[in-house]
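Report on the following structure.
The values are calculated or read from the model by the stated rules, or taken from the named source; none is laboratory data. Keep in mind that this is a model prediction, so the values were computed, not measured. Glycine also receives a Cβ, built like all others from the backbone with ideal geometry; neighbour counts cover every protein chain displayed. The accessibility values were calculated without ligands, DNA or RNA, using every heavy atom of the protein model including side chains. Shrake-Rupley method; radii C 1.70, N 1.55, O 1.52, S 1.80 Å.
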Amino acid sequence: MQWYYQNELIQEISDLPENAFGFIYQTTHLPTGKRYIGKKSLIYNLKKKLGKKELAIIRLEGKGRPPTFKRVLKESDWKTYYGSHAFIKDANDDDLERKILQIAYNKKELTYLECKYQFVLEVLENKLYLNDNILGKFYDRDFKWKKIY
């Protein structure tokens, strides 16, 4: 199953707008129509421990206390990612449709857009959506009203 953005097939980061950081997506389970709204980063900023050779070179330069870690950028698993909900993880990939709703250009914008979509689409109130929380702060179980629609 592939990603689609504005009805175009997305196979590589280069298929997305320049400087894209991540995206808001909707995964739909086709047999039931159940949906999940989430966010996905395209690049991970990892902290990697420096090896002995790298540390030796830094020590030779003699510029203060040497760092023990370096930052490394790595492409995320976005190509094979469907969502974090257990229902989506357990579903057959052929039964799922993945759609990119909006591109984000930094981490803060990505989180904001995820919340915006989840609130606007009323994912906690609508039985059509599998989402059971927004931002790990608002849970459907914490409210007296039941899911509707």
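Computed quantities for the displayed model
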{"quantity": "For the chain, calculated [θ]222 nm from helices alone, where every DSSP H run of n ≥ 4 adds -39500 (n - 2.57)", "calculated": "-5500 deg cm²/dmol"}
{"quantity": "Interchain or long-range residues, amide H under 5 Å from F21's placed H", "calculated": "A104, Y105, N106"}
{"quantity": "Taking the chain and dividing mean pair separation by its residue count, relative contact order in percent (alpha carbons under 8 Å, at least six apart)", "calculated": "31"}
{"quantity": "Between 0 and 90°, nearest 10: helix 52-61 axis offset from the chain longest Cα axis", "calculated": "60"}
{"quantity": "Cα→Cβ-extended label distance, 7 Å offset, between D140 and N106, nm", "calculated": "3.4"}
{"quantity": "Under 28 Å from K48, Cα to Cα: lysines that are on another chain or at least 8 residues apart", "calculated": "K39, K40, K63, K70, K74, K79, K107, K108"}
{"quantity": "Cα centroid of the range 56-117 to Cα centroid of the range 120-146, whole Å", "calculated": "24"}
{"quantity": "Calculated from backbone phi, Karplus (6.51, -1.76, 1.60) coupling profile of the range 4-17 in Hz, x at Gly/Pro", "calculated": "10, 9, 6, 6, 10, 6, 10, 10, 9, 4, 5, 6, 9, x"}
{"quantity": "Residue with peak Gaussian network fluctuation, the chain [Cα springs, cutoff 10 Å], from F119, F87, F69", "calculated": "F69"}
{"quantity": "Solvent-accessible area per residue, Å², over the chain with all protein chains present [probe radius 1.4 Å]", "calculated": "69"}
{"quantity": "Principal axis dimensions, the chain - Cα atoms, whole angstrom, descending", "calculated": "67, 38, 28"}
{"quantity": "Heavy-atom accessible surface of the range 34-149: percent carbon and sulfur, 1.4 Å", "calculated": "53"}
{"quantity": "Long-range amide H partners of Y129 with built H, under 5 Å", "calculated": "R35"}
{"quantity": "Selected from Y25, Y112, Y139 as most flexible by GNM, with the chain as the system and alpha-carbon contacts under 10 Å", "calculated": "Y139"}
